[in-house]
Ligand code: AMP
């Protein structure tokens, strides 16, 4: 029978890789919690309407990339393509704002987008994200950006570039969009079909099209940073001041337009020169209007999301996992026969209860094969149980690193390993 395969753009996380994820997740959690963020988990699927309203119907994510299906009750559901909309839905629904002050939330989990699959671009991928809800201050933007950069650096990454822009607000952006349309209108025919389609609905997206002709047409386009109103300009200047004071280098990219419609004022992205065409490690920005758009009270907020698979690619390419691979078991217990296994079984269980990582032969192989297995597992010690060991209640522990042997009474085995720790 033909074996069934996984779906294109999804990945199995195999045991050889899982520890790398545990490591990344542990750093992420530590960095988030140290900065005062608390975890939030929301459902993997939500009503389709949430993403349409939150992210924007005209974005690529909503118009082309969502996994949307109708359930048995005829409700349109969507696998979440990102989590900010879900977190804000939950924030409103659970009145998290009632506590007052700012709410600092983080999440990590799978997202789903029906994209063209390539290296660093999957259909099920994982994001770590944070949301700082309830502050209009530039200090909040700076704090969020800093957490992202410092976390990436804490993995040992260099070659990172922070790109910064302001995408304006509900007052200055519509004015800029018209200026931009006036610029593109006479050269519309030169743009790629996708950008021609964006002209009316979302002309700012033309600015970050990867098509070479579109890029050259955009090269002289008016910049939003020259058309910000006073509030946006002051905010932008202050964010830059905070970053400069924190010694965070950044590059202003007036054409940085992120793919989700909800951003206002600050938008940013961290790219790595070590990644190929999918070079964005993460990005984010301010979204002062999103909560209101989802039916809550106006609440200024800012956040980011990082792609965990892309982070993993970077760490692997830079060889930054090398000293972190997990150790083998503390002990491998080899046995001659089933009766020896039965006799030693409680000892093995007690060792494990005491936190000593103990493996035991489960197939009934020869002693030689069991030794090979202990070697493969990278066990630190091996002991062999036979009639004599059971009679004297004493085993000989062999240290695999140097072959040295130590006799130990079975009743003192736990203490022996505890002393080593
Ligand atoms: P976004 O939610 O589009 O702002 O993306 C934030 C980050 O998530 C990106 O910078 C990527 O690192 C990651 N990401 C987005 N889409 C994908 C994808 N299809 N596959 C892998 N990572 C992705």
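The values are calculated or read from the model by the stated rules, or taken from the named source; none is laboratory data. These figures come from a predicted structure and were not determined experimentally. Using ideal geometry, Cβ is built from the backbone for each residue, glycine included, and neighbour counts are taken over all protein chains shown.
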* Taking residue 187, is it part of a helix (DSSP H, G or I) and either at pLDDT below 90 or within 29 Å of the chain's Cα centre (by Cα) (or both)? -> no
* To do: Run residue 296 past the list (1) in the same structural domain as residue 148 (by TED's automatic domain parsing); (2) in a loop (DSSP other than H, G, I, E, B); (3) more than 14 Å from the ligand (Cβ to nearest atom); (4) surrounded by fewer than 15 Cβ atoms within 10 Å (Cβ to Cβ) and report the number of the one that doesn't hold.
  => (4)
* To do: Kindly establish whether residue 58 is touching a helix residue (DSSP H, G or I) at 6+ places or on another chain (Cβ under 6 Å), assigned to a helix (DSSP H, G or I) and under 26 Å from residue 84 (Cβ atoms).
  => no
* Structure fact -> Only unsatisfied item for residue 17, checking (1) modelled with pLDDT of 95 or more; (2) assigned to a helix (DSSP H, G or I), is (1)
* Kindly provide the set of residues from segment 220-237 that are out of contact with any helix residue (DSSP H, G or I) (no Cβ under 7 Å at 6 or more places or on another chain) and either part of a helix (DSSP H, G or I) or closer than 17 Å to residue 300 by Cβ (or both), ordered by number. => 225, 226, 230, 231, 233, 234, 236, 237
* Structure fact -> By residue number, the members of segment 360-383 that are crowded, with 20+ Cβ neighbours inside 10 Å and not in a loop (DSSP other than H, G, I, E, B) are 360, 370, 374, 381, 382, 383
* **Whichever residue in segment 103-119 is surrounded by fewer than 19 Cβ atoms within 10 Å (Cβ to Cβ) and in contact (Cβ under 8 Å) with a residue 12 or more places away in the chain and, among such residues, is farthest from residue 315 (Cα to Cα)** => 114
* Among the numbered conditions (1) in the same structural domain as residue 123 (by TED's automatic domain parsing); (2) part of a loop (DSSP other than H, G, I, E, B); (3) out of contact with any strand residue (DSSP E or B) (no Cβ under 6 Å at 6 or more places or on another chain), tell me where residue 50 comes up short. => (2)
* Given (1) under 39 Å from the mean Cα position of the chain (by Cα); (2) at pLDDT 95 or above; (3) assigned by TED's automatic domain parsing to the domain that holds residue 390, number of the condition residue 367 does not satisfy -> (1)
* To do: Could you tell me whether residue 167 is closer than 19 Å to residue 225 by Cβ and crowded, with 16+ Cβ neighbours inside 10 Å?
  => yes
* Would you mind stating whether residue 130 is crowded, with 21+ Cβ neighbours inside 10 Å, within 16 Å of the ligand (Cβ to nearest atom) and not in a helix (DSSP H, G or I)? => yes
* **For residue 304: the one exception among (1) more than 15 Å from the ligand (Cβ to nearest atom); (2) not in a loop (DSSP other than H, G, I, E, B)** => (1)
* Asked: When you go through (1) modelled with pLDDT under 95; (2) closer than 22 Å to residue 201 by Cβ; (3) within 15 Å of the ligand (Cβ to nearest atom) one by one for residue 279, which number turns out not to apply?
  -> (2)
* To do: Looking only at segment 395-413, count how many residues are assigned to a strand (DSSP E or B) and surrounded by 15 or more Cβ atoms within 10 Å (Cβ to Cβ).
  => 4
* To do: Please find, within segment 95-123, the residue that is nearest to the ligand (Cβ to nearest atom) out of those that are over 30 Å from residue 36 (Cβ atoms) and outside any loop (DSSP other than H, G, I, E, B).
  => 121
* How about segment 54-94: which of its residues are within 14 Å of the ligand (Cβ to nearest atom) and loosely packed, with under 12 Cβ neighbours inside 10 Å? -> 64
* Selection count where residues are part of a strand (DSSP E or B) and within 22 Å of residue 308 (Cα to Cα), scope segment 258-293 -> 13
* For segment 317-336, does any single residue satisfy the condition of being part of a helix (DSSP H, G or I), at pLDDT below 95 and within 16 Å of the ligand (Cβ to nearest atom)? -> yes
* Structure fact -> Sole miss for residue 261 among (1) within 16 Å of the ligand (Cβ to nearest atom); (2) within 28 Å of residue 31 (Cβ to Cβ) is condition (2)
* How many residues are within 19 Å of residue 224 (Cβ to Cβ), more than 16 Å from the ligand (Cβ to nearest atom) and touching a residue at least 60 places away in the same chain (Cβ under 8 Å) if we restrict to segment 236-254? -> 9
